[in-house]
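One structure below.
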Amino acid sequence: MNKIMIVTGGSRGIGAATALLAAQRGYAVCVNYLNNRKAADEIVRNIEQIGRHAIAVAADVASEQDVMRLFETVDRELGRVTALVNNAGILEKQTRLEGIDAARLNRVFATNVTGTFLCSREAVRRMLTKHGGEGGGIVNVSSRASQIGSPGEYIDYAASKGAVDSLTVGLAKEVAEEGIRVNAVRPGFIYTEMHASGGEPDRVDRVKAFAPMKRGGTAEEVAHAILWLLSDEASYTTGGFIDVSGGR
Ligand code: NAP
């Protein structure tokens, strides 16, 4: 079976590391991104250099129309998707609940929750063995925040990841008999550009002492857990979670 992966938010950070590692493991990869075409093209070039097929597709995972177009593009240019990594995710400026309004809640939930649901739906429609698919795997990039709650920083983001956790558990059971495994990783403090969106680019260095391992993690360390969950080595694992968080 051809291995074909869609990584949402594959242009930077954890998604980019996942796209590159997947290519090394034999996947053709669709690198989805929102705005940063230059970064996405760079990942595609790196993948092509190791002899794998890759495409960059701009699509906002919060938009149903964009998600439909993303999957149709992959159908046409790469073939039927076999692995989906729901990685695209956002957070906004650090604040307590008093500073969170409905517009912000809608933005964070639209990308982190609606986006994960819509992409999962399109993947499942193509993977279900009862609809002629060949099965496949989905990995959701949740966060340790779903259980810690991120007080004083972004409890909205943490709650959105709580929804991702529930989706992981429910969908895994829904499709367990139909050739699809659904799992999640929960990263802790990972060195990426996401922390700049929270207003603190160097956040990992401030908080890393809270992790028992006393360091931040790399995007590659998260990518390895994602690729394991998608591999045949994880063939009896569904509805599962791997914390990639240095013990926190
Ligand atoms: P990042 O470096 O900020 O990268 C975010 C990626 O998502 C970019 O590729 C961005 O595209 C894309 N993106 C954002 N909104 C999108 C949308 N609406 N539609 C499509 N793509 C979108 O983030 P990261 O740190 O790698 O985070 C990746 C995932 O890991 C997120 O779900 C995050 O919540 C989770 N996570 C991260 C950490 C951490 O410490 N970094 C910890 C726990 C969980 P552009 O390049 O076009 O902007």
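The values are calculated or read from the model by the stated rules, or taken from the named source; none is laboratory data. Here the structure is a predicted model, which is why all the values come from computation and not from measurement. Methodologically, a virtual Cβ is constructed for each residue, glycine included, from the backbone with ideal geometry; neighbour enumeration extends over all protein chains shown.
For the stretch 6-13, state whether one or more residues are at negative phi, more than 12 Å from the ligand (Cβ to nearest atom) and not β-branched (Val, Ile, Thr). The answer is no; no qualifying residue exists. Screening the candidates 170, 149, 135 for the property of being more than 12 Å from the ligand (Cβ to nearest atom) and touching a Leu at 6+ places or on another chain (Cβ under 9 Å) yields one hit, 135. The residues listed here are 206, 186, 126; of these, the one that is away from the ligand (no atom under 11 Å from the Cβ), of a type in the set (D, E, K, R), touching a residue at least 12 places away in the same chain (Cβ under 8 Å) and outside any loop (DSSP other than H, G, I, E, B) is 126.
A single entry from 216, 240 fulfils the requirement of being at pLDDT 95 or above, of a type outside the set (D, E, K, R) and more than 24 Å from residue 163 (Cα to Cα): 216. Consider the stretch 40-93 and keep the residues that are without any contact (Cβ under 8 Å) to a residue 12 or more places away in the chain and in a loop (DSSP other than H, G, I, E, B). The one that is nearest to the ligand (Cβ to nearest atom) is 63.
The set of residues in the stretch 192-203 that are more than 7 Å from the ligand (Cβ to nearest atom), part of a loop (DSSP other than H, G, I, E, B) and at negative phi comprises 198, 200, 201, 202. Filtered by the rule that a residue be more than 12 Å from the ligand (Cβ to nearest atom) and not in a helix (DSSP H, G or I), the stretch 209-233 gives 212, 213, 214, 215, 231.
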